[in-house]
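Written below as structure tokens is the structure these notes are about.
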Amino acid sequence: MRKLLLSLGCLFFMAGLVIAGEVTLVKFDKEKKEVTVKEDDKEKTYKISDKTKFSSTDKDGKATEMTYEDAVKGLGNPKAGGKLKFDITVKDGEITEAKMKGKKK
């Protein structure tokens, strides 16, 4: 019984370390590799590392991997501020994964 409780406690602790959710882009600083997003009416700033994975999902739900340069085109677009919504996974103040919705071509 103690092992089960300890396992559940560890599970909930680890789930609290990684946060995932949909955010809205406020601003992107290409020089510092920082993204400021609005999440639940609060602005937060996260760092982008070399290990950050970017992907784009189409209307069918298929994900395709993106490069950092492709992601910068969307994040750095002046029209994207306040409008671009995407899902992020954060760990220790760094974005580990960002999933953006693809546009029609």
Practice problem: Answer rounded, prolate or oblate for the stretch 52-94, using the Cα gyration tensor with square roots of eigenvalues a ≥ b ≥ c: rounded when a/c is under 1.5, else prolate when a/b is larger than b/c, else oblate. | Solution: rounded
Quiz item: Considering the chain as a Gaussian network with a 10 Å cut-off on Cα pairs, which listed residue, 89, 36, 67, attains the greatest mean-square fluctuation?
Solution: 67
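Counting only helical runs of four or more DSSP H residues, what would the 222 nm mean residue ellipticity of the chain come to if each run contributes -39,500 (n - 2.57) and the total is spread over all its residues? Present the calculation step by step, with values, prior to reporting the outcome.
Numbers: 2 runs with 24 residues, N = 105.
Calculated from helices alone, the mean residue ellipticity at 222 nm is -7000 deg cm²/dmol.
Taking 0.36 nm per residue of separation and subtracting the Cα-Cα distance, what length does fully extending residue 83 through residue 36 add?
Going from the current span to full extension adds 15.6 nm.
Please arrange 65, 31, 22, 97 by counting, for each residue, the other beta carbons lying within 10 Å of its beta carbon, fewest first.
Fewest to most other Cβ atoms nearby, the residues stand as 31, 65, 22, 97.
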Quiz prompt | Nearest 10 degrees, 0 to 90: helix 2-17 Cα axis against the chain principal axis | solution = 20 degrees
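Just so you know, all these numbers are worked out from the coordinates, no wet-lab data involved. Note that the structure is a prediction, hence the values are computed from the model and not measured. Here the Cβ is made from the backbone with ideal geometry for all residues, glycine too, and neighbour counts use every protein chain on show.
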